[in-house]
Amino acid sequence: PNSGGAHGDDHDADAEFRKHAVPAQDRDVMKNHLVELMCTVPPQIQVQLGESISLIAASDFPSQWDNLLPDLISRLDNRDWSVVNGVLVTANSIFKRFRYVQRSDALYKDILYVLHRFQEPLTELFKAINAQLDAFTAGNNVAELRPRLAALRTICRIFYSLNYQDLPEYFEDHMEEWMAGFAKHLEYVNPHLEDNDEENEPGPIDVLQVAVIQNLYLYANKDEEPFLPYLAKFTTLVWNMLLRVSQLPKHDALATTGIRFLSSLVGKLMHRELFQEEATLREIFARIVIPNLMIREVDEERFEDNPQEFILSDMEGSDTESRRKCAQELLRAMCRQFEPQTTQICSEHVSQMLASFHADAANQWRNKDVAIHLMLGISIKTESAQYGVSQVNEG
């Protein structure tokens with residue numbers, strides 16, 4: 001019997017791994033042919049092969065799979081968009097490991113390895129697709145637009161991974177090209193790509209715009225100096241986007257991402273001049289905060305299906321960002337920078353909404369709910385899940 005305790009368990013695990021591990025020679029054969037195979041099979045199988053590449057890359061890339069990136073890059077100019085998108089999705093899943101991890105020399109070595117090989121072809125593809133959008137949009141060529149918009153969305157997610165740790169020198173040097181593309185995407189409108197009968201699933205333009213704003217949020221939080229000249233324009237673009245999104249669930253991700261971007265700017269002293277006019281603060285209140293605090297029909301349905309879960313997520317927060325939660329965070333960010341003005345504007349809206357409720361309680365109960373959330377939003381300045389409320393509004 002094994003009396004080695006934990007060390008014995010480790011030895012058994014290593015032995016079990018070696019027993020089932022693919023021999024090195026077979027691994028090399030698989031790695032040398034997986035990318036080519038992925039590019040020749042139907043989309044459904046392509047997804048599975050892409051996942052296989054990602055799984056192997058997690059252990060072998062880049063030190064033991066030096067030809068992976070050249071193989072992927074060589075197929076970015078393929079005329080078959082299912083191949084291009086398959087390559088981009090695979091690259092995205094590989095590079096995700098650069099996010100949400102602690103900095104280390106090994107991590108930066110891998111990032112630099114990828115950047116030196118992938119940053120230029122990625123930028124060139126980004127520019128090429130952007131140049132093609134206008135022609136296909138003018139011709140209402142939805143079949144050509146859809147795969148290109150899908151590619152742009154994945155490119156944005158790759159951009160996020162490659163810029164997550166630090167702003168690379170190459171992207172700083174090519175800031176104008178990327179920012180021009182992002183601005184184009186936020187302004188892009190095409191009724192032919194919108195499904196008016198769909199209420200829940202976001203469309204191809206929606207998911208692209210979410211990815212763009214996530215990149216802007218990343219840069220805004222880094223306070224990178226090369227990005228600062230673009231902030232005013234992107235603030236206006238995100239603002240306008242928030243004013244035109246519907247209350248339908250399919251636009252929830254777009255709304256919450258946009259509100260979080262504005263919150264990150266409002267809450268910082270260095271961006272105070274963008275929002276300091278009282279008219280601007282009133283606009284934020286009336287057209288962004290209140291509409292996104294309002295209970296919707298879909299929220300009522302969630303409450304009817306599971307009241308306890310709805311109340312817990314609404315009062316205590318949840319892992320997923322909701323419009324109401326993000327609107328309250330925006331309100332608190334406004335309080336941190338513009339407490340007297342925000343408190344005054346909020347008090348006016350609370351009085352109006354409570355008066356509306358008292359005049360017609362049966363039909364205006366939503367106004368009372370919003371008034372309560374407004375009061376909570378301006379009353380609590382600082383709180384945490386561990387310690388609760390630690391700072392309140394003295395006004």
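The figures follow:
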{"read-out": "Residue satisfying condition, being modelled with pLDDT under 90 and under 16 Å from residue 158 (Cα atoms), within set 86, 4, 50", "value": "50"}
{"read-out": "Scan of the stretch 31-63 for residues that are under 25 Å from the mean Cα position of the chain (by Cα) and among the β-branched types (Val, Ile, Thr), ordered by number", "value": "47, 53"}
{"read-out": "Some residue of the stretch 266-285 being touching a helix residue (DSSP H, G or I) at 6+ places or on another chain (Cβ under 6 Å), crowded, with 16+ Cβ neighbours inside 10 Å, β-branched (Val, Ile, Thr) and modelled with pLDDT under 95", "value": "yes"}
{"read-out": "Only one of 323, 302, 366 that is of a type outside the set (Phe, Trp, Tyr) and farther than 30 Å from residue 278 by Cα", "value": "302"}
{"read-out": "Identity of the residue in the stretch 321-361, in a helix (DSSP H, G or I), among the aliphatic types (A, V, I, L, M) and without any contact (Cβ under 8 Å) to a residue 24 or more places away in the chain, that ends up nearest to residue 269 (Cα to Cα)", "value": "353"}
{"read-out": "From the options 29, 84, 35, residue that is surrounded by fewer than 18 Cβ atoms within 10 Å (Cβ to Cβ), part of a helix (DSSP H, G or I) and among the β-branched types (Val, Ile, Thr)", "value": "29"}
{"read-out": "Condition met for residue 203 (among the small types (Gly, Ala, Ser), crowded, with 21+ Cβ neighbours inside 10 Å, closer than 29 Å to residue 143 by Cα and in contact (Cβ under 8 Å) with a residue 12 or more places away in the chain)", "value": "no"}
{"read-out": "The one condition in (1) surrounded by fewer than 12 Cβ atoms within 10 Å (Cβ to Cβ); (2) farther than 28 Å from residue 274 by Cα; (3) modelled with pLDDT of 90 or more that residue 340 fails to fulfil", "value": "(2)"}
{"read-out": "Out of 162, 133, 152, 145, sole residue that is touching a Leu at 6+ places or on another chain (Cβ under 6 Å) and open to solvent by less than 20 Å² (accessible area, probe 1.4 Å)", "value": "152"}
{"read-out": "Some residue of the stretch 55-65 being closer than 23 Å to residue 119 by Cβ, assigned to a loop (DSSP other than H, G, I, E, B), open to solvent by 80 Å² or more (accessible area, probe 1.4 Å) and modelled with pLDDT under 90", "value": "yes"}
{"read-out": "Cβ-Cβ under 6 Å pairs, at least 6 apart or on other chains, the stretch 127-148 side in a helix (DSSP H, G or I), far side open to solvent by 80 Å² or more (accessible area, probe 1.4 Å)", "value": "142/192"}
{"read-out": "Residue ID - nearest to the chain's Cα centre (by Cα), chosen from residues in the stretch 206-253 that are surrounded by 14 or more Cβ atoms within 10 Å (Cβ to Cβ) and of a type in the set (Ser, Thr, Tyr)", "value": "217"}
{"read-out": "Qualifying position, being closer than 20 Å to residue 334 by Cα, touching a helix residue (DSSP H, G or I) at 6+ places or on another chain (Cβ under 8 Å), assigned to a helix (DSSP H, G or I) and touching a residue at least 40 places away in the same chain (Cβ under 8 Å), among 237, 254", "value": "237"}
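The values are calculated or read from the model by the stated rules, or taken from the named source; none is laboratory data. Since the structure is predicted, the reported quantities are computational estimates derived from the model, not experimental observations. FYI the Cβ positions are ideal-geometry reconstructions off the backbone, even for glycines, and counts take in every protein chain you see. We work out accessible area using only protein heavy atoms, side chains counted, and drop any ligands, DNA or RNA first. Shrake-Rupley method; radii C 1.70, N 1.55, O 1.52, S 1.80 Å.
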